[in-house]
Ligand SMILES: [Zn+2]
């Protein structure tokens with residue numbers, strides 16, 4: 001049933017070659033986009049982090065290459081660079097400035113609604129009182145961006161898998177205490193090779209009981225089994241990445257039938273070497289098989305991407321045109337964790 005509904009949303013309005021993208025790069029940017037998988041710290045422009053490090057007289061020069069971009073060789077080094085970059089964000093005010101910088105970039109790429117992962121681990125060390133202050137600063141910046149650029153932000157609190165289940169319990173307390181119209185979801189990110197989804201069941205149960213919607217990173221560095229475990233143990237409705245499900249087509253069919261949404265970030269997967277190129281990315285197969293998915297950037301400056309670039313590369317690789325992308329934006333809004341009023345407001349921008 002889901003699959004049929006999804007196909008209706010897509011509408012299969014393919015117009016073939018010669019669509020909107022042949023007319024100029026600026027038009028890709030102008031398409032209204034919905035992004036559901038973005039780590040706030042991971043979206044920090046390197047120049048912003050360098051500037052903050054200079055202000056605070058902290059030396060993190062080693063994380064940048066000669067061109068001033070983040071330098072890392074693989075996913076595990078990426079996690080280290082990510083944490084080093086995040087170490088200069090020490091105050092609520094830093095997060096307000098970060099939110100402003102990130103939303104400016106997103107709005108410039110045509111994003112009208114965005115859900116970002118927020119980590120109380122980095123914002124006040126999982127202390128509920130401190131977290132409230134960070135959240136207040138982030139919300140104020142988000143409100144300003146909405147008034148100025150017409151982009152709406154909502155937050156998904158994530159625990160960090162490699163920090164372990166005990167810290168996740170503290171993180172979910174922050175989530176439960178601040179769940180509401182802005183904090184709409186709970187999730188898990190970090191190193192998929194450490195621990196198991198079942199270690200985090202308690203935290204996910206708490207979040208669910210507090211009315212938060214659930215997503216989990218899986219099927220990026222773990223195979224199809226990791227996706228099955230996240231679905232079975234954490235009972236999430238969205239999977240962050242989930243691309244490795246492609247190695248088990250029966251699972252792909254189950255995901256399609258159940259209406260589970262994959263938050264696919266092709267540029268991230270390709271930059272980290274998971275796939276050899278855009279044409280080899282499984283997103284094309286997901287589309288053909290009626291899997292619900294969204295397109296996001298994950299940690300855009302780390303992977304030298306933007307939402308506009310993701311669209312552009314997908315257009316080149318799979319010949320998807322404006323009709324397909326419009327379907328993706330609408331289906332993504334459908335999968336968003338925000339309330340009905342927000343969804344309706346954003347729908348008018350599509
Ligand atoms: Zn991610």
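For the pair residue 54 and residue 143, a Förster radius of 22 Å applied to the C-beta separation gives a FRET efficiency near 0.20, rounded to the nearest 0.05. Remark: spin-label model distance residue 341-residue 317 equals 3.9 nm, labels positioned 7 Å along the Cα→Cβ axis.
Look at the alpha carbon pairs under 8 Å that are at least 6 residues apart: their mean separation over the length of the chain gives a relative contact order of 23 percent. For the peptides 239-246, 170-177, 104-111, the ranking by packing is 239-246, 170-177, 104-111, with the highest mean count of neighbouring Cβ atoms within 10 Å listed first. A helix-only calculation puts the chain at -14500 deg cm²/dmol for mean residue ellipticity at 222 nm, using -39500 (n - 2.57) for each DSSP H run of at least four residues, averaged over all residues. As a length-normalised measure over Cα pairs under 8 Å and 6 or more apart, the relative contact order of the range 155-231 settles at 33 percent.
Spin-label pair residue 133-residue 288: with each label point 7 Å from Cα along the Cα-Cβ axis, the two points sit 5.5 nm from one another. Using the average count of surrounding beta-carbon atoms within 10 Å as a protection proxy, the listed peptides 86-92, 296-302, 149-155, 306-312 rank, highest first, as 296-302, 306-312, 149-155, 86-92. Among 320, 202, sorting on how many other beta-carbon atoms sit within 10 Å of each Cβ, with the fewest leading, yields 202, 320. Dividing the mean sequence gap of close Cα pairs (under 8 Å, 6+ apart) by how many residues the range 199-350 holds gives a relative contact order of 16 percent. Descending by average beta-carbon neighbour count within 10 Å, the peptides 27-38, 126-137 line up as 27-38, 126-137, the highest first.
Under 1.5 on a/c is rounded, so check that first for the range 168-236, then, if it is not, pick prolate when a/b is larger than b/c and oblate when it is not; a ≥ b ≥ c are the square roots of the alpha carbon gyration tensor eigenvalues. Since a/c reaches 1.5 and a/b is larger than b/c, the shape of the range 168-236 is classed as prolate. Build a GNM of the chain with springs between Cα atoms under 10 Å apart, and of 73, 142, 256 the one that fluctuates most is 73. At what distance in angstrom do the alpha carbon centres of the range 309-350 and the range 178-256 lie from each other? Here the two parts' Cα centres lie 22 Å apart.
You can think of it this way: the chain between residue 202 and residue 87 has 38.6 nm of extra reach, that is 0.36 nm per residue less the Cα-Cα gap.
Among beta bridges identified by DSSP and lying wholly in the chain, the antiparallel ones come to about 5 percent. Look at the Cα gyration tensor of the range 69-112: its axes a ≥ b ≥ c give a/c of at least 1.5 with a/b at or below b/c, and that counts as oblate.
Is the chain rounded, prolate or oblate when judged by the Cα gyration tensor, a ≥ b ≥ c being the square roots of its eigenvalues, rounded requiring a/c under 1.5 and prolate requiring a/b larger than b/c? It comes out rounded by the Cα gyration axes.
Laboratory data are not the source of any read-out in this text; all were calculated from the coordinates shown. The shown structure was predicted, so the numbers you read here are calculated from the model rather than taken from an experiment. Glycine also receives a Cβ, built like all others from the backbone with ideal geometry; neighbour counts cover every protein chain displayed.
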